[in-house]
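Quick notes on the structure that follows.
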Amino acid sequence: MTPLHDVIINKKTTINPIWIMRQAGRYLPEFREIRKNNPNFIELCLNHKLSSEITLQPIKRFDLDAAIIFSDILMIPYGLKQKVEFKKNFGPMLGNLNITEMSKIDEIDFVERIYPVYKAIKSVSLKMELKNKNTIGFVGAPWTLLVYMINQQSPKKNIKKNFFEDDYLINRILLIIERFLKIHIKNQVENGANVIQIFDSWAGLLEERDYPNYIYTPTLNLVNYVKSLEIPVICFPREIKNYKEFCEIVKPDALNIDYNVDPLMISKNIKIPVQGGLDPKILLTDKDNLKKQVLKYLDIFKDHPYVFNLGHGILPETDPKMVECLIKTVRDY
Ligand code: CP3
C-alpha cells in the first residue's frame with residue numbers, strides 16, 4: 001500500500017501524505033525552461049516525452065507522494081474536436097461547439113487525438129510504482145466542462161444569463177461529455193493511473209436547486225464508474241454550498257476542500273478522508289506564517305484521515321523554497 005492509498009482507502013490517520021494541485025507548472029524554473037520552447041500548451045500536453053518529464057519534475061525536486069499527470073481538463077473538448085487554445089494572461093479560449101459534428105465522434109477518433117496523454121501516464125506510473133507512490137489521473141466534472149464548452153472561456157464570476165436557455169442542447173452535450181469522460185478515465189486507469197480526481201472548479205456558480213441535475217447526478221455516475229474499476233476517487237466540488245449533502249449523495253472516497261471552507265466545520269461534519277484546504281496565497285507570505293497555517297490544518301485533521309494539499313492550484317509566482325518549507329512542516333509533524 002502507498003501512503004496515499006493508506007489514507008484514502010484504509011482511512012489511516014497516522015500519516016499525512018502530500019501532493020500539490022498544479023505541482024507540475026509555472027512556479028518551477030525547470031518547467032518554465034521547457035515551456036519557453038513550447039508555446040503551444042496543448043501540443044506540449046500531447047508530447048508524451050516532455051509531459052512525462054514535466055510530471056516528474058516536482059517528484060524529483062520534492063519527493064511528493066503522488067504524481068499528477070501533466071495534462072488538462074480541456075483535453076476532453078480538444079479530443080471532441082472543439083478548438084482549444086491557451087492565451088497568455090487570459091487563460092483558455094475555445095472555438096465554437098458544433099453538436100452535429102461532435103455527435104459523430106467515436107471512441108477510436110477520440111483516443112487517437114489524445115493518446116500521448118495515456119503514453120505519458122504509462123511511463124510515469126512505471127516510475128512511481130518503483131517508489132511506492134501513486135499516479136493520479138484526473139478529469140473535469142461534467143458541469144465544469146460544460147461551462148467551458150459553452151462559455152468558450154473561463155466564466156470568472158458568472159455564467160451568461162441565457163446559459164440554460166437551450167436545455168435540449170445542454171442535455172445532449174452533457175451525455176456526450178459523460179460518455180467520453182468514462183472513456184478517458186478507463187484509458188488513464190488502464191495505463192497506470194491508480195487514483196482519479198474529479199475537478200468541479202465551477203460548482204460554485206450554480207444555485208442549490210440546480211445541484212441535482214448538474215452536479216450530483218452526473219458526478220455520481222462518474223464516481224460509480226471509477227469505483228467499478230476498483231480505483232479510489234477524490235472529488236473537488238469547489239465552492240459548493242453543502243459539502244455534507246454532496247458527500248452523502250455522490251459518495252466519493254475522499255473530498256478535496258477549497259480554501260474558503262472552514263476546515264473545523266469539515267472535520268466535524270464529514271466522515272470520509274479529506275484532502276487540501278490551505279490557501280495557495282499563504283505560500284506568497286513568509287515561512288513563519290506558512291508553518292503556522294500548515295500546522296492549523298494538521299492540528300484540525302489530526303484524528304481524521306487527511307491528505308495535505310492546497311485549496312486550489314499553486315500560484316505561478318510561488319517560490320519553490322516555500323514549497324520545500326511546506327513539505328518539511330508536513331513531514332515533521
Ligand atoms: O500539476 C497538475 O496539477 C497537473 C496538471 C493540470 C493542469 N490543469 C495543467 C495546466 C491539472 C490537474 C489541471 C486542471 C485544470 N485545468 C482545471 C481544474 C483545476 C482548477 O484549476 O480549477 C481547470 C479549471 C483547468 C483549465 C485551465 N487550464 C485553465 C483555467 C488554465 C489557465 C489558467 C492558468 O493557470 O494559466 C489552464 C492552463 C494550465 N493547465 C496550465 C497548467 C500547468 C498553465 C499553462 C501554462 O501557461 O504554462
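The values are calculated or read from the model by the stated rules, or taken from the named source; none is laboratory data. Given the structure is predicted, the values throughout are model-derived calculations rather than measurements. Cβ placement follows ideal geometry from the backbone for every residue including glycine, while neighbour counts extend to all protein chains displayed. These area figures cover heavy atoms from the full protein model, side chains too; ligands, DNA and RNA do not enter into them. Shrake-Rupley method; radii C 1.70, N 1.55, O 1.52, S 1.80 Å.
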Exercise for the section: Please build a GNM for the chain, connecting alpha carbons under 10 Å apart, and tell me which residue among D253, D65, D167 fluctuates the most. Expected result: D167
Handout entry: Amide proton proximity set for V307, modelled H, under 5 Å, gap of 5+
Key = V274, Q275, G276
Practice task
Order these peptides, 145-151, 112-118, by their mean beta-carbon neighbour count within 10 angstrom, highest first.
Solution key: 145-151, 112-118
Handout entry: Additional length obtainable on full extension of the chain from S154 to N289, 0.36 nm per residue less Cα span
Key = 45.5 nm
Handout entry: All aspartates and glutamates inside 19 Å of K182 as judged from Cα atoms, apart from same-chain residues fewer than 8 positions distant
Key = D72, D106, E107, D109, E112, E190, D200, E230, D253
Handout entry: Distribution of pairwise C-alpha distances over the chain, 10 Å bins, in %
Key = 5, 27, 37, 25, 6, 0
Completion exercise
Ranked by GNM mean-square fluctuation in the chain (Cα springs under 10 Å), the top entry among L205, L130, L315 is L130
Handout entry: Helix-only [θ]222 nm of the chain, DSSP H runs n ≥ 4, -39500 (n - 2.57) each, per residue, nearest 500
Key = -14500 deg cm²/dmol
Problem - Point-to-point label distance, E248-T100, nm (Cα→Cβ direction, 7 Å offset) - result: 4.7
Problem - Protein accessible area in the chain, 1.4 Å probe - carbon and sulfur % - result: 50
Problem - Relative contact order, percent, the range 47-137 [alpha-carbon distance under 8 Å, six or more residues apart] - result: 39
Practice task
Evaluate E = 1/(1 + (r/R0)^6) for F90 and K271, where r is the Cβ-Cβ distance and R0 equals 41 Å; express this FRET efficiency to the nearest 0.05.
Solution key: 0.50
Fill in the blank from the handout: Length-normalised contact order of the range 3-332, Cα under 8 Å, at least 6 apart, in percent, tallies to 21
Fill in the blank from the handout: Taking the alpha-carbon centre of each part, the distance from the range 20-69 to the range 234-276 in Å is 28
Problem - the range 104-159-the range 279-333 distance, computed between alpha-carbon centres (Å) - result: 26
Exercise for the section: Roll a 1.4 Å probe over the protein chains and send me the accessible area per residue for the chain in Å². Expected result: 45
Handout entry: Potential extension, K36-E230 segment - 0.36 nm per residue separation minus Cα distance
Key = 65.9 nm
Exercise for the section: Just grab the label-to-label distance for R26 and K296, each label 7 Å out from Cα along the Cβ direction, in nm (one decimal). Expected result: 2.6
